[in-house]
Amino acid sequence: MSALAHMIESHGVATVLIGLIRPHVEKIRPPRALWVPFQLGRPLGSPHARDFQLRVLRQALALLERHDGPVLLDDFADDEPRTDDDADWTPPLASPSTGDADGAMLNAELERLLPLYRRVVAARGRTTVGLSGVGLPEGVGFVASCLSGTLAASPTPALTDAQALRFIADDLKAAWTEAASLAGRPSSRQLADWLWEHTVLGRVLIRLRSLALQSGEAPFKAVAGNLLVPGARVALLEAGKAS
């Protein structure tokens, strides 16, 4: 986005960027940028915090009035208004955290979560699921077929095999966490801990990552090794093995 801002400015259109990774912004140096100290994926802060999000937008847009560049980098000083755990939140399910997770277990978990997910979509009128263009049951089947240690064939001609794994996994993670947020307002940490430590999906994706790293298939390695499990979670897993 920083490079795109330079291109747009070269055509005479003023731009402002909201950046979450400060070293990237400092290196590429977009014409105007507001750095925010928020979680990745939340450039405006926590969901439902309308007044706070407006403050972020106003500070970013105010940079358009400045002409003392060519590079302006401003800081948003405040943290997100809601980062604490919700003490009243109860996960919708908890699967055993040990043993191998297989496709049948993953499909059973989807059947338990699907009604909750549909209620969330009906209540909100939107969902972040849909990047792959593949239905959730079909997506579960595809991910399960990769547990053999070989990248499965894409279920849609619109995506390569590796793209299908990446986007379907993203859709499944989104569906699981949306379903889990039906009751209460869990923090992102609570949702992440639940997904990776207490669901079959989390265990399947962690297992897939391990299989991919041992695989001789470069696309499988590239996607599963780098994109299925967040880097911060990988670090926790590795720290747990070392202890």
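We did not get these values from a lab; they are worked out from the coordinates using the rules stated. Not measured: the values here are computed from a predicted model. Note: ideal-geometry Cβ built from the backbone for every residue, glycine included; neighbour counts use all protein chains shown.
Restricting to DSSP H runs of at least four residues, report the calculated mean residue ellipticity at 222 nm for the chain, -39500 (n - 2.57) per run over all residues, nearest 500 deg cm²/dmol. Walk me through the numbers before you get to the answer.
Details: 10 runs with 128 residues, N = 243.
Helices in the chain give a 222 nm mean residue ellipticity of -16500 deg cm²/dmol.
Semi-axis lengths, largest first, of the ellipsoid equivalent to the range 1-136 are 39, 18, 15 Å, with √(5λ) applied to each eigenvalue of the Cα gyration tensor. Can you work out the FRET efficiency for the pair Glu26 and Leu57, with r the C-beta to C-beta distance and R0 = 25 Å, to the nearest 0.05? The calculated FRET efficiency here is 0.70. By definition, a body whose alpha carbon gyration tensor gives a ≥ b ≥ c is prolate when a/c is 1.5 or more and a/b is larger than b/c, and the chain fits this prolate description.
Computed about the Cα centre, the dipole magnitude for the range 2-75 is approximately 200 debye when only Lys and Arg (+1) and Asp and Glu (-1) carry charge, each at its Cβ. For a modelled paramagnetic label at Glu238, 7 Å from Cα along Cα-to-Cβ, the residues of the range 178-221 in reach, with backbone nitrogen under 14 Å, are 210, 213. Taking 7 Å steps out from each Cα toward its Cβ at Arg118 and Glu65 produces label points 5.1 nm apart. Other residues within the sphere of radius under 12 Å centred on the Cβ of Ala162, judged by their own Cβ, net out at 0 (K and R +1, D and E -1).
Projecting label points 7 angstrom from Cα along Cα→Cβ for Asp88 and Thr156 puts them 3.8 nm apart.
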